[in-house]
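Participant: My structure is below; once you've seen it, I'll send some questions.
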Amino acid sequence: LLPAFKEVVEELFRRKLVKVVFATETLALGINMPARTVVLEKLEKFNGEARVAITSGEYTQLTGRAGRRGIDVEGHAVVQWTEGLDPQSVAALASRRTYPLNSSFRPTYNMAVNLIDRFGRARAREILESSFAQFQADRSVVGLARQVKEAEESLA
C-alpha cells in the first residue's frame with residue numbers, strides 16, 4: 001500500500017472511525033494500530049511461488065498488533081480453526097520467541113551516490129553506518145577477530 005494510504009487507515013482506526021481492518025502481514029508491519037484482538041484466518045501465506053507456513057517471526061509480527069509490549073495492558077490473538085489445523089503447530093508458533101533476524105538491506109553504488117548528492121559525504125557515511133546491516137557486519141567481524149585470536153593462542 002502507498003504510505004499515505006497506510007497513514008489514513010491508521011488515523012481512522014485511531015479515531016475509532018474504522019472498527020475492523022482486514023490486513024496482510026505487509027499492512028500489519030507498516031502501521032501502528034492499537035487493536036485489541038487479531039484474528040488469523042490461516043497459518044500460511046503465498047510467497048510468490050507456493051503457499052507456505054508462516055514463520056514464528058511472522059506470527060509474532062501479525063499478532064503483535066494486539067497487546068503491544070509497553071503500550072497495551074492486554075491483547076488477544078485468535079487463530080481460526082480449519083480442517084487439519086494442528087493445535088501443537090499453533091502452540092509452537094506462539095511460544096517461540098527466538099528467531100534469527102537478518103538484515104536484507106544491501107546498499108548499491110546508486111544508493112551511495114544519491115545519498116552523497118543529497119546529504120554530503122560525511123552524513124551519507126553516517127547514514128550507511130547506522131544501518132542494522134552494518135551493525136550485523138561489525139558484530140560478525142568482532143566474532144571473526146575473536147576466533148582468529150583464539151586460533152593464534154592455540155597455535156602458540
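Participant: Among the lysines in the chain, how many pairs, 8 or more places apart or on different chains, have alpha carbons under 24 Å apart?
Facilitator: Total qualifying Lys-Lys pairs in the chain comes to 5.
Participant: Also, quick follow-up: Taking amide H atoms as placed 1.01 Å from N in the peptide plane, list the residues 5 or more away in sequence, or in a different chain, whose amide H sits under 5 Å from that of Leu40.
Facilitator: Placed amide hydrogens put Val78, Val79, Gln80 under 5 Å from Leu40.
Participant: Ignoring ligands, DNA and RNA, please state the percent of accessible area on segment 59-127 from carbon and sulfur, probe 1.4 Å.
Facilitator: Here carbon and sulfur together make up 53 percent of the probe-accessible area.
Participant: Now, a different point. Against the longest principal axis of the chain, how steep is helix 132-155, in degrees 0 to 90 to the nearest 10, with axes from Cα atoms?
Facilitator: Helix 132-155 sits roughly 50 degrees off the main axis of the chain.
Participant: Please report the antiparallel percentage of the DSSP beta bridges confined to the chain, to the nearest 5.
Facilitator: DSSP beta bridges in the chain are roughly 40 percent antiparallel.
Participant: Additional query: Give me the Å³ per residue figure for the convex hull around the C-alpha atoms of the chain.
Facilitator: Spelled out: Cα convex hull of the chain, divided by residues, is 233 Å³.
Participant: Where nothing but the Cβ of Lys and Arg (+1) and of Asp and Glu (-1) is charged, how large is the charge dipole of segment 105-156 around its Cα centre, in debye to the nearest 20?
Facilitator: Around 300 debye, computed over segment 105-156.
Participant: Rounding to the nearest 10 and keeping the result within 0 to 90°, find how far the Cα-based axis of helix 3-14 lies from the longest principal axis of the chain.
Facilitator: The helix 3-14 is inclined about 50 degrees to the chain.
Participant: Could you give the size of the charge dipole of segment 42-156 about its Cα centre, using +1 on the Cβ of each K and R and -1 on the Cβ of each D and E, expressed in debye and rounded to the nearest 20?
Facilitator: With only Lys, Arg, Asp and Glu charged at Cβ, the dipole is about 360 debye.
Participant: Moving on. Enter the accessible area per residue of the chain (Å², integer; probe 1.4 Å; all protein chains in place).
Facilitator: Value returned for the chain: 80 Å² of accessible area per residue.
The values are calculated or read from the model by the stated rules, or taken from the named source; none is laboratory data. Bear in mind that the values here come from a model prediction, so they are computed numbers and not experimental data. Glycine gets a Cβ as well: all are built from the backbone with ideal geometry, and neighbour counts include every protein chain shown. Quick note on the areas: whole protein, heavy atoms, side chains included, nothing else; ligands and nucleic acids left out. Shrake-Rupley method; radii C 1.70, N 1.55, O 1.52, S 1.80 Å.
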